[in-house]
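Q: Below is a structure I'd like to ask you about.
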Amino acid sequence: MTSVFMSACRRIASAMAVALMALTMTGCAAHAEAPPFADWLKEFRAEAQAKGISNDAVERALATVAPIERVLELDKRQPEFMLTLWRYMDIYVPDARVEKGKEMLKKHAALLAEVEKKYGVPPRFLVAFWGVETDFGRNFGAFHMLSAVATLAYDARRADFFRQQLLSAVRLVERGDVPVDVKASWAGAMGNMQFIPTTFEAYAVDWDGDGRRDLWNNLGDAFGSASNYLSRVGWEPDYTWGREVVLPADFDLSLVGLHERKKLAAWQAMGVRSVGGGALPDADIDGSLLLPTGAEGPAFIVYQNFRTIMRWNTSELYALAVGHLADRLIGLPRLSIEKPENAQMLRFADIEIMQRLLTKIGFDTGGIDGRAGPMTKAAIRGFQKANKLPADGHPSFGLLERLRAAAGG
(Lines give C-alpha, C1' and ligand atoms only; values in the text may rest on other atoms or scores of the structure.)
Protein backbone atom coordinates (compact mmCIF):
# COMPACT_ATOMS: atom_id res chain seq x y z
CA MET A 1 0.00 0.00 0.00
CA THR A 2 1.54 3.36 -1.01
CA SER A 3 2.09 6.17 1.47
CA VAL A 4 0.05 8.53 -0.76
CA PHE A 5 -2.93 6.18 -0.70
CA MET A 6 -2.66 5.65 3.06
CA SER A 7 -2.55 9.40 3.59
CA ALA A 8 -5.71 9.78 1.53
CA CYS A 9 -7.40 7.09 3.53
CA ARG A 10 -6.45 8.80 6.80
CA ARG A 11 -7.76 12.15 5.58
CA ILE A 12 -11.06 10.56 4.56
CA ALA A 13 -11.37 8.71 7.84
CA SER A 14 -10.65 11.75 9.97
CA ALA A 15 -13.37 13.68 8.19
CA MET A 16 -16.03 11.07 8.92
CA ALA A 17 -17.95 10.13 12.03
CA VAL A 18 -16.18 7.83 14.46
CA ALA A 19 -18.78 5.14 13.87
CA LEU A 20 -17.80 4.88 10.21
CA MET A 21 -14.05 5.12 10.64
CA ALA A 22 -13.27 1.40 10.86
CA LEU A 23 -15.41 0.60 7.84
CA THR A 24 -13.76 3.31 5.78
CA MET A 25 -10.24 2.16 6.61
CA THR A 26 -11.14 -1.43 5.84
CA GLY A 27 -12.47 -0.38 2.44
CA CYS A 28 -9.36 1.65 1.66
CA ALA A 29 -7.08 -1.22 2.62
CA ALA A 30 -9.03 -3.74 0.56
CA HIS A 31 -8.83 -1.62 -2.58
CA ALA A 32 -5.16 -0.80 -2.09
CA GLU A 33 -4.08 -4.36 -1.38
CA ALA A 34 -5.82 -5.96 -4.36
CA PRO A 35 -3.28 -6.27 -7.21
CA PRO A 36 -4.31 -6.07 -10.87
CA PHE A 37 -5.72 -9.37 -12.10
CA ALA A 38 -2.69 -9.99 -14.36
CA ASP A 39 -0.32 -9.61 -11.40
CA TRP A 40 -2.49 -11.83 -9.24
CA LEU A 41 -2.57 -14.50 -11.97
CA LYS A 42 1.22 -14.37 -12.31
CA GLU A 43 1.55 -15.01 -8.58
CA PHE A 44 -0.97 -17.85 -8.80
CA ARG A 45 1.03 -19.45 -11.64
CA ALA A 46 4.08 -19.47 -9.39
CA GLU A 47 2.11 -21.07 -6.56
CA ALA A 48 0.68 -23.76 -8.85
CA GLN A 49 4.16 -24.67 -10.10
CA ALA A 50 5.49 -24.69 -6.53
CA LYS A 51 2.79 -27.21 -5.66
CA GLY A 52 4.09 -29.58 -8.33
CA ILE A 53 1.89 -28.76 -11.31
CA SER A 54 3.91 -28.72 -14.51
CA ASN A 55 4.70 -25.43 -16.20
CA ASP A 56 3.08 -26.74 -19.40
CA ALA A 57 -0.19 -27.53 -17.62
CA VAL A 58 -0.23 -24.17 -15.85
CA GLU A 59 0.31 -22.29 -19.09
CA ARG A 60 -2.29 -24.31 -21.01
CA ALA A 61 -4.88 -23.94 -18.28
CA LEU A 62 -4.41 -20.23 -17.66
CA ALA A 63 -3.51 -18.92 -21.11
CA THR A 64 -7.00 -17.60 -21.88
CA VAL A 65 -8.23 -16.98 -18.34
CA ALA A 66 -9.84 -13.59 -17.79
CA PRO A 67 -12.13 -12.17 -15.11
CA ILE A 68 -15.86 -12.39 -15.77
CA GLU A 69 -17.89 -9.57 -14.28
CA ARG A 70 -21.14 -11.52 -14.58
CA VAL A 71 -19.74 -14.22 -12.31
CA LEU A 72 -19.16 -11.65 -9.56
CA GLU A 73 -22.67 -10.31 -10.06
CA LEU A 74 -24.16 -13.78 -9.65
CA ASP A 75 -21.98 -14.57 -6.63
CA LYS A 76 -22.96 -11.39 -4.81
CA ARG A 77 -26.57 -11.22 -5.94
CA GLN A 78 -29.10 -11.48 -3.15
CA PRO A 79 -32.24 -13.20 -4.45
CA GLU A 80 -35.40 -11.23 -3.85
CA PHE A 81 -37.54 -14.16 -2.78
CA MET A 82 -37.15 -17.00 -0.33
CA LEU A 83 -37.88 -20.18 -2.30
CA THR A 84 -40.61 -22.40 -0.87
CA LEU A 85 -41.10 -26.15 -1.08
CA TRP A 86 -43.81 -25.56 -3.67
CA ARG A 87 -41.53 -23.44 -5.82
CA TYR A 88 -38.76 -26.04 -5.54
CA MET A 89 -41.14 -28.76 -6.67
CA ASP A 90 -42.38 -26.61 -9.56
CA ILE A 91 -38.80 -26.05 -10.73
CA TYR A 92 -37.21 -29.45 -10.11
CA VAL A 93 -40.03 -32.02 -10.11
CA PRO A 94 -42.40 -30.98 -12.89
CA ASP A 95 -44.38 -33.77 -14.57
CA ALA A 96 -42.29 -33.44 -17.75
CA ARG A 97 -39.10 -34.16 -15.80
CA VAL A 98 -40.69 -37.14 -14.08
CA GLU A 99 -41.61 -38.64 -17.45
CA LYS A 100 -38.21 -37.89 -18.95
CA GLY A 101 -36.55 -39.43 -15.91
CA LYS A 102 -38.56 -42.62 -16.30
CA GLU A 103 -37.33 -42.83 -19.90
CA MET A 104 -33.73 -42.37 -18.75
CA LEU A 105 -34.12 -45.12 -16.13
CA LYS A 106 -35.20 -47.54 -18.83
CA LYS A 107 -32.70 -46.39 -21.42
CA HIS A 108 -29.69 -46.73 -19.11
CA ALA A 109 -30.98 -49.60 -16.96
CA ALA A 110 -28.06 -51.97 -17.62
CA LEU A 111 -25.39 -49.38 -16.86
CA LEU A 112 -27.21 -48.11 -13.78
CA ALA A 113 -27.55 -51.66 -12.46
CA GLU A 114 -23.80 -52.22 -12.82
CA VAL A 115 -23.04 -48.98 -10.99
CA GLU A 116 -25.48 -49.88 -8.21
CA LYS A 117 -23.84 -53.28 -7.80
CA LYS A 118 -20.48 -51.62 -7.15
CA TYR A 119 -21.49 -48.62 -5.07
CA GLY A 120 -24.92 -49.40 -3.61
CA VAL A 121 -26.74 -46.29 -4.83
CA PRO A 122 -30.08 -47.14 -6.50
CA PRO A 123 -30.57 -46.02 -10.13
CA ARG A 124 -33.55 -43.82 -9.34
CA PHE A 125 -31.44 -41.58 -7.11
CA LEU A 126 -28.69 -41.18 -9.69
CA VAL A 127 -31.26 -40.24 -12.32
CA ALA A 128 -32.93 -37.84 -9.86
CA PHE A 129 -29.63 -36.06 -9.19
CA TRP A 130 -28.99 -35.97 -12.93
CA GLY A 131 -32.40 -34.44 -13.58
CA VAL A 132 -32.14 -31.83 -10.84
CA GLU A 133 -28.57 -30.81 -11.67
CA THR A 134 -28.58 -30.56 -15.48
CA ASP A 135 -32.01 -31.70 -16.70
CA PHE A 136 -30.42 -34.99 -17.88
CA GLY A 137 -27.45 -33.30 -19.53
CA ARG A 138 -29.36 -30.52 -21.24
CA ASN A 139 -27.66 -27.67 -19.37
CA PHE A 140 -24.00 -27.92 -18.34
CA GLY A 141 -23.55 -24.17 -17.80
CA ALA A 142 -22.41 -21.35 -20.06
CA PHE A 143 -19.28 -19.97 -18.38
CA HIS A 144 -15.64 -20.72 -19.19
CA MET A 145 -14.89 -22.82 -16.12
CA LEU A 146 -11.29 -21.77 -15.54
CA SER A 147 -12.11 -18.07 -15.93
CA ALA A 148 -15.15 -18.34 -13.65
CA VAL A 149 -13.19 -20.05 -10.89
CA ALA A 150 -10.24 -17.65 -11.32
CA THR A 151 -12.63 -14.70 -11.05
CA LEU A 152 -13.94 -15.98 -7.71
CA ALA A 153 -10.45 -16.83 -6.48
CA TYR A 154 -9.30 -13.27 -7.27
CA ASP A 155 -12.31 -11.73 -5.52
CA ALA A 156 -11.72 -11.28 -1.79
CA ARG A 157 -15.12 -12.57 -0.64
CA ARG A 158 -14.36 -16.31 -0.85
CA ALA A 159 -10.81 -16.23 -2.14
CA ASP A 160 -9.39 -19.13 -0.12
CA PHE A 161 -12.12 -21.57 -1.15
CA PHE A 162 -11.95 -20.74 -4.84
CA ARG A 163 -8.16 -20.62 -4.89
CA GLN A 164 -8.28 -24.29 -3.93
CA GLN A 165 -10.87 -24.87 -6.65
CA LEU A 166 -8.59 -23.24 -9.22
CA LEU A 167 -5.57 -25.27 -8.17
CA SER A 168 -7.70 -28.40 -8.44
CA ALA A 169 -9.00 -27.32 -11.86
CA VAL A 170 -5.46 -26.85 -13.18
CA ARG A 171 -4.51 -30.30 -11.92
CA LEU A 172 -7.54 -31.71 -13.75
CA VAL A 173 -6.29 -30.06 -16.94
CA GLU A 174 -2.85 -31.54 -16.34
CA ARG A 175 -4.34 -35.01 -15.82
CA GLY A 176 -6.35 -34.75 -19.04
CA ASP A 177 -9.77 -34.96 -17.40
CA VAL A 178 -10.87 -31.41 -18.21
CA PRO A 179 -10.44 -29.50 -21.50
CA VAL A 180 -9.17 -25.94 -21.12
CA ASP A 181 -12.24 -24.53 -22.89
CA VAL A 182 -14.84 -26.46 -20.87
CA LYS A 183 -18.06 -24.67 -19.88
CA ALA A 184 -19.52 -24.82 -16.39
CA SER A 185 -21.87 -23.04 -14.00
CA TRP A 186 -20.89 -19.57 -12.82
CA ALA A 187 -19.33 -21.20 -9.73
CA GLY A 188 -17.34 -23.77 -11.73
CA ALA A 189 -19.60 -26.83 -11.35
CA MET A 190 -19.05 -29.24 -14.25
CA GLY A 191 -20.54 -32.07 -16.23
CA ASN A 192 -23.74 -34.09 -16.00
CA MET A 193 -23.63 -34.10 -12.21
CA GLN A 194 -22.18 -30.60 -11.71
CA PHE A 195 -19.05 -31.44 -9.72
CA ILE A 196 -16.92 -28.55 -8.49
CA PRO A 197 -13.18 -29.06 -9.20
CA THR A 198 -12.18 -30.40 -5.76
CA THR A 199 -15.08 -32.88 -5.76
CA PHE A 200 -14.20 -33.89 -9.33
CA GLU A 201 -10.55 -34.42 -8.38
CA ALA A 202 -11.30 -36.41 -5.21
CA TYR A 203 -14.30 -38.52 -6.24
CA ALA A 204 -14.64 -38.80 -10.02
CA VAL A 205 -13.94 -42.27 -11.46
CA ASP A 206 -12.88 -43.62 -14.84
CA TRP A 207 -15.69 -46.17 -15.12
CA ASP A 208 -14.73 -47.61 -18.50
CA GLY A 209 -10.96 -47.45 -17.99
CA ASP A 210 -10.24 -45.30 -21.03
CA GLY A 211 -7.79 -43.12 -19.10
CA ARG A 212 -10.04 -40.08 -18.67
CA ARG A 213 -12.77 -39.20 -16.22
CA ASP A 214 -15.25 -37.69 -18.65
CA LEU A 215 -18.28 -36.33 -16.81
CA TRP A 216 -19.80 -34.78 -19.95
CA ASN A 217 -19.93 -37.47 -22.62
CA ASN A 218 -19.50 -40.70 -20.67
CA LEU A 219 -22.48 -41.62 -18.51
CA GLY A 220 -20.56 -44.51 -16.96
CA ASP A 221 -18.03 -42.02 -15.63
CA ALA A 222 -20.80 -39.62 -14.58
CA PHE A 223 -22.96 -42.20 -12.78
CA GLY A 224 -19.95 -43.96 -11.28
CA SER A 225 -18.51 -40.68 -10.00
CA ALA A 226 -21.79 -39.60 -8.41
CA SER A 227 -22.20 -43.01 -6.78
CA ASN A 228 -18.62 -43.04 -5.55
CA TYR A 229 -19.13 -39.65 -3.94
CA LEU A 230 -22.43 -40.58 -2.30
CA SER A 231 -21.17 -43.91 -1.00
CA ARG A 232 -18.06 -42.31 0.47
CA VAL A 233 -19.94 -39.54 2.29
CA GLY A 234 -22.47 -41.79 3.99
CA TRP A 235 -25.03 -43.39 1.67
CA GLU A 236 -26.81 -46.34 3.28
CA PRO A 237 -27.71 -48.87 0.55
CA ASP A 238 -30.45 -50.62 2.54
CA TYR A 239 -32.65 -47.57 3.08
CA THR A 240 -34.42 -44.82 1.19
CA TRP A 241 -34.21 -41.07 1.86
CA GLY A 242 -37.40 -40.71 3.89
CA ARG A 243 -41.15 -40.44 3.23
CA GLU A 244 -44.15 -38.20 3.67
CA VAL A 245 -45.99 -38.76 6.96
CA VAL A 246 -48.97 -37.50 8.93
CA LEU A 247 -48.63 -35.99 12.42
CA PRO A 248 -51.28 -36.24 15.15
CA ALA A 249 -53.24 -33.09 15.97
CA ASP A 250 -51.54 -32.57 19.33
CA PHE A 251 -47.99 -33.24 18.16
CA ASP A 252 -45.19 -31.37 19.93
CA LEU A 253 -43.82 -29.21 17.11
CA SER A 254 -40.63 -28.45 19.04
CA LEU A 255 -39.52 -31.95 17.95
CA VAL A 256 -39.55 -30.92 14.28
CA GLY A 257 -36.15 -30.34 12.69
CA LEU A 258 -32.92 -32.11 11.83
CA HIS A 259 -31.67 -31.46 15.34
CA GLU A 260 -34.00 -34.17 16.67
CA ARG A 261 -33.35 -37.84 15.82
CA LYS A 262 -35.44 -40.74 17.08
CA LYS A 263 -35.99 -44.36 16.11
CA LEU A 264 -38.99 -44.97 13.89
CA ALA A 265 -40.58 -46.94 16.71
CA ALA A 266 -40.38 -43.86 18.94
CA TRP A 267 -42.04 -41.67 16.32
CA GLN A 268 -44.66 -44.38 15.82
CA ALA A 269 -45.40 -44.33 19.56
CA MET A 270 -45.97 -40.56 19.35
CA GLY A 271 -48.66 -41.05 16.71
CA VAL A 272 -46.66 -40.35 13.55
CA ARG A 273 -48.08 -42.40 10.69
CA SER A 274 -47.49 -43.01 7.00
CA VAL A 275 -49.77 -41.14 4.60
CA GLY A 276 -53.08 -43.00 4.65
CA GLY A 277 -52.77 -43.90 8.34
CA GLY A 278 -50.55 -46.97 8.10
CA ALA A 279 -47.73 -47.74 10.49
CA LEU A 280 -44.21 -46.51 9.88
CA PRO A 281 -41.77 -49.11 8.49
CA ASP A 282 -40.54 -51.71 10.98
CA ALA A 283 -36.89 -50.75 10.65
CA ASP A 284 -34.16 -49.99 13.18
CA ILE A 285 -33.33 -46.58 11.74
CA ASP A 286 -33.26 -43.02 13.01
CA GLY A 287 -35.46 -40.34 11.52
CA SER A 288 -36.07 -36.61 11.85
CA LEU A 289 -39.28 -34.75 11.11
CA LEU A 290 -39.54 -31.78 8.77
CA LEU A 291 -42.38 -29.33 8.10
CA PRO A 292 -41.00 -27.29 5.19
CA THR A 293 -44.19 -25.23 4.73
CA GLY A 294 -45.34 -25.14 8.34
CA ALA A 295 -47.93 -27.10 10.29
CA GLU A 296 -50.54 -26.87 7.54
CA GLY A 297 -48.33 -28.35 4.82
CA PRO A 298 -46.84 -31.78 4.18
CA ALA A 299 -44.72 -33.46 6.85
CA PHE A 300 -41.73 -35.69 6.18
CA ILE A 301 -39.66 -38.14 8.15
CA VAL A 302 -36.12 -38.22 6.77
CA TYR A 303 -33.28 -40.70 7.28
CA GLN A 304 -29.51 -40.74 6.99
CA ASN A 305 -29.63 -40.74 3.19
CA PHE A 306 -31.44 -37.41 3.29
CA ARG A 307 -28.50 -36.01 5.21
CA THR A 308 -26.17 -37.57 2.64
CA ILE A 309 -28.08 -35.82 -0.14
CA MET A 310 -27.46 -32.61 1.81
CA ARG A 311 -23.72 -33.27 1.57
CA TRP A 312 -24.24 -32.63 -2.15
CA ASN A 313 -26.28 -29.47 -1.53
CA THR A 314 -26.96 -28.21 1.98
CA SER A 315 -30.52 -27.07 1.26
CA GLU A 316 -33.28 -29.14 2.89
CA LEU A 317 -35.58 -28.18 0.02
CA TYR A 318 -33.02 -29.44 -2.51
CA ALA A 319 -32.81 -32.77 -0.69
CA LEU A 320 -36.61 -33.06 -0.56
CA ALA A 321 -36.80 -32.36 -4.30
CA VAL A 322 -34.19 -35.04 -5.11
CA GLY A 323 -35.89 -37.56 -2.83
CA HIS A 324 -39.37 -36.87 -4.15
CA LEU A 325 -38.22 -36.99 -7.78
CA ALA A 326 -36.52 -40.34 -7.08
CA ASP A 327 -39.82 -41.63 -5.68
CA ARG A 328 -41.86 -40.36 -8.61
CA LEU A 329 -39.49 -42.10 -11.04
CA ILE A 330 -40.61 -45.48 -9.69
CA GLY A 331 -44.31 -44.66 -9.64
CA LEU A 332 -44.77 -43.42 -6.09
CA PRO A 333 -47.47 -40.76 -5.74
CA ARG A 334 -47.35 -37.00 -5.62
CA LEU A 335 -47.41 -35.29 -2.24
CA SER A 336 -50.69 -35.87 -0.46
CA ILE A 337 -51.17 -32.16 0.20
CA GLU A 338 -51.49 -30.09 -2.96
CA LYS A 339 -49.98 -26.67 -3.49
CA PRO A 340 -52.38 -24.04 -2.10
CA GLU A 341 -53.94 -21.78 -4.71
CA ASN A 342 -52.76 -18.72 -2.79
CA ALA A 343 -49.21 -19.99 -2.19
CA GLN A 344 -46.77 -17.08 -2.22
CA MET A 345 -43.05 -16.67 -1.81
CA LEU A 346 -41.90 -14.37 0.94
CA ARG A 347 -39.33 -11.77 0.00
CA PHE A 348 -36.18 -11.43 2.06
CA ALA A 349 -37.49 -7.93 2.83
CA ASP A 350 -40.56 -9.55 4.41
CA ILE A 351 -38.31 -11.66 6.66
CA GLU A 352 -36.45 -8.51 7.68
CA ILE A 353 -39.75 -6.92 8.68
CA MET A 354 -40.62 -10.04 10.71
CA GLN A 355 -37.25 -9.89 12.45
CA ARG A 356 -37.70 -6.22 13.34
CA LEU A 357 -41.22 -6.83 14.66
CA LEU A 358 -40.16 -9.88 16.66
CA THR A 359 -37.29 -7.90 18.16
CA LYS A 360 -39.61 -5.01 18.97
CA ILE A 361 -41.96 -7.23 20.99
CA GLY A 362 -39.17 -9.04 22.81
CA PHE A 363 -38.12 -12.09 20.76
CA ASP A 364 -34.44 -12.27 19.85
CA THR A 365 -33.83 -13.17 16.17
CA GLY A 366 -30.05 -12.80 16.39
CA GLY A 367 -30.04 -9.84 14.03
CA ILE A 368 -31.78 -8.46 10.95
CA ASP A 369 -30.54 -10.28 7.85
CA GLY A 370 -33.65 -11.27 5.89
CA ARG A 371 -33.03 -15.00 6.39
CA ALA A 372 -35.10 -17.38 8.49
CA GLY A 373 -32.22 -19.06 10.28
CA PRO A 374 -32.35 -21.06 13.54
CA MET A 375 -32.60 -18.03 15.85
CA THR A 376 -35.33 -16.41 13.78
CA LYS A 377 -37.30 -19.66 13.72
CA ALA A 378 -36.86 -19.99 17.49
CA ALA A 379 -38.15 -16.43 17.91
CA ILE A 380 -41.14 -17.23 15.70
CA ARG A 381 -41.87 -20.33 17.80
CA GLY A 382 -41.67 -18.23 20.95
CA PHE A 383 -44.20 -15.76 19.53
CA GLN A 384 -46.46 -18.57 18.33
CA LYS A 385 -46.44 -20.28 21.73
CA ALA A 386 -47.15 -17.00 23.50
CA ASN A 387 -50.15 -16.51 21.24
CA LYS A 388 -51.39 -20.12 21.36
CA LEU A 389 -50.60 -20.75 17.69
CA PRO A 390 -49.10 -23.95 16.21
CA ALA A 391 -45.41 -23.44 17.10
CA ASP A 392 -43.91 -24.60 13.81
CA GLY A 393 -41.41 -21.72 13.52
CA HIS A 394 -42.45 -21.19 9.93
CA PRO A 395 -42.52 -17.66 8.44
CA SER A 396 -45.64 -16.84 6.46
CA PHE A 397 -47.72 -13.87 5.36
CA GLY A 398 -50.29 -14.77 8.01
CA LEU A 399 -47.59 -14.65 10.66
CA LEU A 400 -46.40 -11.30 9.35
CA GLU A 401 -49.88 -9.81 9.76
CA ARG A 402 -50.15 -11.17 13.32
CA LEU A 403 -46.76 -9.68 14.17
CA ARG A 404 -47.80 -6.31 12.79
CA ALA A 405 -50.92 -6.38 14.94
CA ALA A 406 -48.97 -7.45 18.03
CA ALA A 407 -46.37 -4.72 17.51
CA GLY A 408 -48.96 -2.05 16.85
CA GLY A 409 -48.22 -1.85 13.14
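The values are calculated or read from the model by the stated rules, or taken from the named source; none is laboratory data. Keep in mind that this is a model prediction, so the values were computed, not measured. Reconstructed Cβ throughout: ideal geometry from the backbone, glycine too, with neighbour counts over all protein chains shown.
Q: Of all the residues that make up the range 379-395, how many are closer than 23 Å to Thr314 by Cβ and in a loop (DSSP other than H, G, I, E, B)? Don't jump to the end; show me each part of the working.
A: First, the residues of the range 379-395 that are closer than 23 Å to Thr314 by Cβ: 379-381, 392-395.
Filter again for in a loop (DSSP other than H, G, I, E, B), leaving 392-395.
Total satisfying the criteria: 4.
Q: I would also like to ask the following. Has the range 166-177 got any residue that is in a loop (DSSP other than H, G, I, E, B) and either among the aliphatic types (A, V, I, L, M) or within 21 Å of the chain's Cα centre (by Cα) (or both)? First the steps, then the outcome.
A: From the range 166-177, those in a loop (DSSP other than H, G, I, E, B) are 176-177; that's our starting set.
Pick out the ones that are also either among the aliphatic types (A, V, I, L, M) or within 21 Å of the chain's Cα centre (by Cα) (or both) and you get none.
No, that holds for no residue.
Q: Kindly check whether there is at least one residue in the range 213-236 that is within 20 Å of Leu111 (Cα to Cα), among the acidic types (Asp, Glu), modelled with pLDDT of 95 or more and assigned to a loop (DSSP other than H, G, I, E, B).
A: Yes, the conditions are met somewhere in the range 213-236.
Q: Give the range 285-316 a look and list any residue that's assigned to a helix (DSSP H, G or I) and either over 22 Å from Gly398 (Cβ atoms) or touching a His at 6+ places or on another chain (Cβ under 7 Å) (or both), or say none. Give the derivation first.
A: Looking only at the range 285-316, we keep the residues that are assigned to a helix (DSSP H, G or I), and these are 304-312, 316.
Within the range 285-316, Gln304, Asn305, Phe306, Arg307, Thr308, Ile309, Met310, Arg311, Trp312 qualify.
Q: Something else about it: Condition first: closer than 17 Å to Asp392 by Cβ, hydrophobic (A, V, I, L, M, F, W, C) and touching a strand residue (DSSP E or B) at 6+ places or on another chain (Cβ under 6 Å). Can you find one or more residues in the range 273-281 that meet it?
A: First pass over the range 273-281, keeping only residues closer than 17 Å to Asp392 by Cβ: none.
No: the range 273-281 contains no residue that is closer than 17 Å to Asp392 by Cβ, hydrophobic (A, V, I, L, M, F, W, C) and touching a strand residue (DSSP E or B) at 6+ places or on another chain (Cβ under 6 Å).
Q: In the range 334-350, which residues are in contact with a helix residue (DSSP H, G or I) (Cβ under 7 Å, 6 or more places away or on another chain) and either without any contact (Cβ under 8 Å) to a residue 40 or more places away in the chain or not in a loop (DSSP other than H, G, I, E, B) (or both)?
A: Asp350, the sole residue that qualifies.
Q: Further question: What is the residue count in the range 115-139 for residues that are assigned to a helix (DSSP H, G or I) and either of a type in the set (Lys, Arg) or touching a Pro at 6+ places or on another chain (Cβ under 7 Å) (or both)? Quick ask: steps written out before the conclusion?
A: Within the range 115-139, the subset assigned to a helix (DSSP H, G or I) is 115-119, 123-134.
With the extra rule that they be either of a type in the set (Lys, Arg) or touching a Pro at 6+ places or on another chain (Cβ under 7 Å) (or both), the set shrinks to 116-118, 124.
Total meeting the criteria: 4.
Q: Another question about this same structure. For the range 1-114, which helices (runs of 4 or more DSSP H) that fit wholly inside it have 3 or more residues that are at pLDDT 95 or above and at negative phi?
A: Numbers: elements: 3-15, 18-33, 37-50, 55-62, 69-76, 85-92, 95-107.
Those helices (runs of 4 or more DSSP H) span 37-50, 55-62, 69-76, 85-92, 95-107.
Q: Leu172 is checked against (1) in contact (Cβ under 8 Å) with a residue 60 or more places away in the chain; (2) buried (at least 23 other Cβ atoms within 10 Å of the Cβ) and fails just one. What number does that condition carry?
A: Evaluating Leu172 over (1) in contact (Cβ under 8 Å) with a residue 60 or more places away in the chain; (2) buried (at least 23 other Cβ atoms within 10 Å of the Cβ) leaves (1) as the failure.
Q: Can you find a residue that is in contact with a His (Cβ under 9 Å, 6 or more places away or on another chain) and either under 30 Å from Met354 (Cβ atoms) or surrounded by fewer than 11 Cβ atoms within 10 Å (Cβ to Cβ) (or both) anywhere in the range 40-61? Quick ask: steps written out before the conclusion?
A: So the first thing to find is which residues in the range 40-61 are in contact with a His (Cβ under 9 Å, 6 or more places away or on another chain), and the list is none.
The answer is no; no qualifying residue exists.
Q: Moving to a separate point now. So for the range 229-251 (the condition being of a type in the set (A, V, I, L, M) and touching an Asp or Glu at 6+ places or on another chain (Cβ under 6 Å)), does at least one residue qualify?
A: No, the range 229-251 contains no residue that is of a type in the set (A, V, I, L, M) and touching an Asp or Glu at 6+ places or on another chain (Cβ under 6 Å).
Q: Could you tell me whether any residue of the range 322-335 is over 30 Å from Ser227 (Cα atoms), buried (at least 17 other Cβ atoms within 10 Å of the Cβ) and of a type in the set (Asp, Glu)? Walk me through how you get there before you give the answer.
A: Applying the first criterion (over 30 Å from Ser227 (Cα atoms)) to the range 322-335 yields none.
Taking every residue of the range 322-335 in turn, none turns out to be over 30 Å from Ser227 (Cα atoms), buried (at least 17 other Cβ atoms within 10 Å of the Cβ) and of a type in the set (Asp, Glu).
Q: Identify, please: which residue in the range 317-333 is hydrophobic (A, V, I, L, M, F, W, C) and assigned to a helix (DSSP H, G or I) and is, among those, nearest to Phe306 (Cα to Cα)?
A: Within the range 317-333, the subset hydrophobic (A, V, I, L, M, F, W, C) is 317, 319-322, 325-326, 329-330, 332.
Narrowing the set further to residues that are assigned to a helix (DSSP H, G or I) leaves 317, 319-322, 325-326, 329.
Numbers: Leu317: 11, Ala319: 6, Leu320: 8, Ala321: 11, Val322: 9, Leu325: 13, Ala326: 12, Leu329: 17 Å.
It comes out as Ala319.
Q: Follow-up question, since we're still on this one. Of the residues Thr365, Thr376, only one is surrounded by 13 or more Cβ atoms within 10 Å (Cβ to Cβ) and not in a helix (DSSP H, G or I); which? Explain how you work it out, then say what you get.
A: Numbers: Thr376 fails: not in a helix (DSSP H, G or I).
Of the residues listed, the single one that is surrounded by 13 or more Cβ atoms within 10 Å (Cβ to Cβ) and not in a helix (DSSP H, G or I) is Thr365.
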